[in-house]
Ligand code: BG6
């Protein structure tokens, strides 16, 4: 049934031996197989530097699945999946070697989707290689992973390299948060429900908190992480994407261009943070040792491979204002960090106090009405509001109570798919709405660059916070 809508593709994975391919891409493709989303003629071509034949790659892939999928391998589907696999031994620095890939691809009439699961420093070479063998033309497309640069300038260089061989409508830039079920649901929540559609601006919302808190440290990625830090690793992409979806005005329709247009307007309206307001609006932190889940965790500087003098942040909180009519004066708090007390990603919308006081303020909770959207784990939406406590008192006494929508209760038999399952499928459907365009990336970098420049101007060092705590606080953080 599903198969009719998806055409046959060659899914070419550059970096087939790497972590991303093993952990995410192969398991997701296998999941799509199990859901019958792969056309019978679709091929998966692993590309890497290894003298492997197809048979050996198939054996390796079986081991990868055994290690990284949560269930047993279903032999019925594996038998179909394994015939899709082939391997191309290719060094992307050697342009001549792309002819080997051409020979494999030319055995089919499929459109090609190239997944660049390799560092951005190789993107230019891969594009040149594909251009040389003339396999870069439409409808072929590419999927690229973050980081797209570490600054506006470096992202432009990468985007130019991609743009030299591929048009913007052939480029699918991944932000895996955009493939998460709960992020997609934000559009439904905001634009399919009168209650929220009509109550989503500065007349009713008091402030918003967006938090992505992790309990993990940097998981052996010291070399990579220390060059960039939490702000570039998480805020420039995931948190700003969430913010732009929460704050955007209704798009004309659900097409990529309409959604992107509205998100870009938000990103371009972010109030600049620079040397004039950096101290009030941001705080950086770095984890020291502490207890996580009953275990002693080392400090960032004691992680293996660490440079003991590093002043890279593993935590950041930023107070953001959006200078447009809808959000004038409303604070948005973006917070993210590693080795924190809880693993949770959530958005909390706090509503303003009502302007009248019918009830004796002494007799009720003072906290504001709030809408908590739990993105992960325990995906749910929770509304907190005041109710009368049942009693025979002459005066009303009010208490905050919760109205809860829980994915696991309301959609009992529905799977929550991994973000990569959806993103791979949407790339085959040629739907760019879940991918980030060049203008979004560049607007985000421009805003982030100014923060990082201001930190460096004053030499602002991260504040140490013990692992397993909630991290440092913004100055005069009142809410
Ligand atoms: C990645 C970051 O993009 O997102 C990681 O590079 C981070 O540092 C990860 O841990 C978090 O993703 P998720 O889906 O677990 O919230």
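With (1) modelled with pLDDT under 95; (2) more than 16 Å from the ligand (Cβ to nearest atom); (3) touching a strand residue (DSSP E or B) at 6+ places or on another chain (Cβ under 9 Å); (4) closer than 29 Å to residue 23 by Cα as the list, and residue 397 as the residue in question, which single condition is left unmet?
Exception for residue 397: condition (4).
Considering only segment 405-479, give the helices (runs of 4 or more DSSP H) lying wholly within it that have at least 3 residues that are over 26 Å from residue 184 (Cα atoms) and modelled with pLDDT of 95 or more. If you could, list the steps in order and put the result at the bottom.
Numbers: elements: 407-410, 419-428, 438-458.
By residue number, 438-458.
Go over the candidates 161, 170, 227 one by one and state the one that is closer than 23 Å to residue 113 by Cα and out of contact with any helix residue (DSSP H, G or I) (no Cβ under 8 Å at 6 or more places or on another chain).
Values: 161 fails: out of contact with any helix residue (DSSP H, G or I) (no Cβ under 8 Å at 6 or more places or on another chain); 227 fails: closer than 23 Å to residue 113 by Cα.
It is 170.
Find the residue count for segment 2-32, including only residues that are without any contact (Cβ under 8 Å) to a residue 12 or more places away in the chain and either under 21 Å from the mean Cα position of the chain (by Cα) or surrounded by 24 or more Cβ atoms within 10 Å (Cβ to Cβ) (or both). I'd like the intermediate steps shown before the answer.
Filtering segment 2-32 down to residues without any contact (Cβ under 8 Å) to a residue 12 or more places away in the chain leaves 4, 19.
Retained after the next criterion (residues that are either under 21 Å from the mean Cα position of the chain (by Cα) or surrounded by 24 or more Cβ atoms within 10 Å (Cβ to Cβ) (or both)): 19.
Qualifying residue count, segment 2-32: 1.
Kindly indicate whether any position in segment 278-292 is within 16 Å of the ligand (Cβ to nearest atom), out of contact with any strand residue (DSSP E or B) (no Cβ under 7 Å at 6 or more places or on another chain) and either farther than 26 Å from residue 343 by Cβ or at pLDDT below 95 (or both).
yes
Within segment 165-253, which helices (runs of 4 or more DSSP H) (wholly inside it) include 3 or more residues that are at pLDDT below 95, within 13 Å of the ligand (Cβ to nearest atom) and under 25 Å from residue 446 (Cα atoms)?
222-230
I'd like to check something: does segment 124-142 contain any residue that is within 16 Å of the ligand (Cβ to nearest atom) and crowded, with 20+ Cβ neighbours inside 10 Å? Break it down into steps so the answer makes sense when it comes.
Taking segment 124-142 as the starting set, the residues that turn out to be within 16 Å of the ligand (Cβ to nearest atom) are none.
Looking through segment 124-142, none of the residues is within 16 Å of the ligand (Cβ to nearest atom) and crowded, with 20+ Cβ neighbours inside 10 Å.
Hey, can you tell me all the residues within segment 273-302 that are within 11 Å of residue 217 (Cα to Cα) and within 25 Å of the chain's Cα centre (by Cα)?
286, 287, 292, 300
I need every pair where a residue in segment 124-149 that is more than 15 Å from residue 164 (Cβ to Cβ) has its Cβ under 7 Å from the Cβ of a residue that is in a loop (DSSP other than H, G, I, E, B) and within 16 Å of the ligand (Cβ to nearest atom), sequence separation at least 6 or different chains.
Taking only residues 6 or more apart or on different chains, the pairs are 143/174; 145/117; 145/174; 146/174; 146/175.
Filter segment 400-434 down to residues that are in contact with a helix residue (DSSP H, G or I) (Cβ under 6 Å, 6 or more places away or on another chain) and farther than 19 Å from residue 38 by Cβ and give me whichever is nearest to the ligand (Cβ to nearest atom).
Within segment 400-434, the match that is nearest to the ligand (Cβ to nearest atom) is 416.
Across segment 33-50, what is the total count of residues that are under 18 Å from residue 103 (Cβ atoms) and free of Cβ contacts under 8 Å to residues at least 60 places away in the same chain?
6
Being crowded, with 17+ Cβ neighbours inside 10 Å, farther than 30 Å from residue 190 by Cα and more than 19 Å from the chain's Cα centre (by Cα) is the filter here; which residues of segment 201-233 pass it?
The answer is 222, 226.
Within segment 158-215, track down each residue that is out of contact with any strand residue (DSSP E or B) (no Cβ under 7 Å at 6 or more places or on another chain) and closer than 30 Å to residue 298 by Cα.
Selection gives 176, 177.
Take the residues in segment 414-436 that are in contact (Cβ under 8 Å) with a residue 60 or more places away in the chain and more than 16 Å from residue 176 (Cβ to Cβ); name whichever of them is surrounded by the most Cβ atoms within 10 Å (Cβ to Cβ).
Residue satisfying both the conditions and the ranking: 428.
Checking the conditions here, which among 83, 114 is within 18 Å of residue 8 (Cβ to Cβ), without any contact (Cβ under 8 Å) to a residue 24 or more places away in the chain and either under 24 Å from the mean Cα position of the chain (by Cα) or surrounded by fewer than 19 Cβ atoms within 10 Å (Cβ to Cβ) (or both)?
Being within 18 Å of residue 8 (Cβ to Cβ), without any contact (Cβ under 8 Å) to a residue 24 or more places away in the chain and either under 24 Å from the mean Cα position of the chain (by Cα) or surrounded by fewer than 19 Cβ atoms within 10 Å (Cβ to Cβ) (or both) holds for just one of 83, 114, which is 83.
What number of residues in segment 263-278 are assigned to a helix (DSSP H, G or I) and in contact with a helix residue (DSSP H, G or I) (Cβ under 8 Å, 6 or more places away or on another chain)?
Number of matching residues: 6.
The values are calculated or read from the model by the stated rules, or taken from the named source; none is laboratory data. This structure is a prediction, so every number in the text was calculated from the model and none was measured. Positions of Cβ are backbone-derived with ideal geometry, glycine not excepted, and every protein chain shown enters the neighbour counts.
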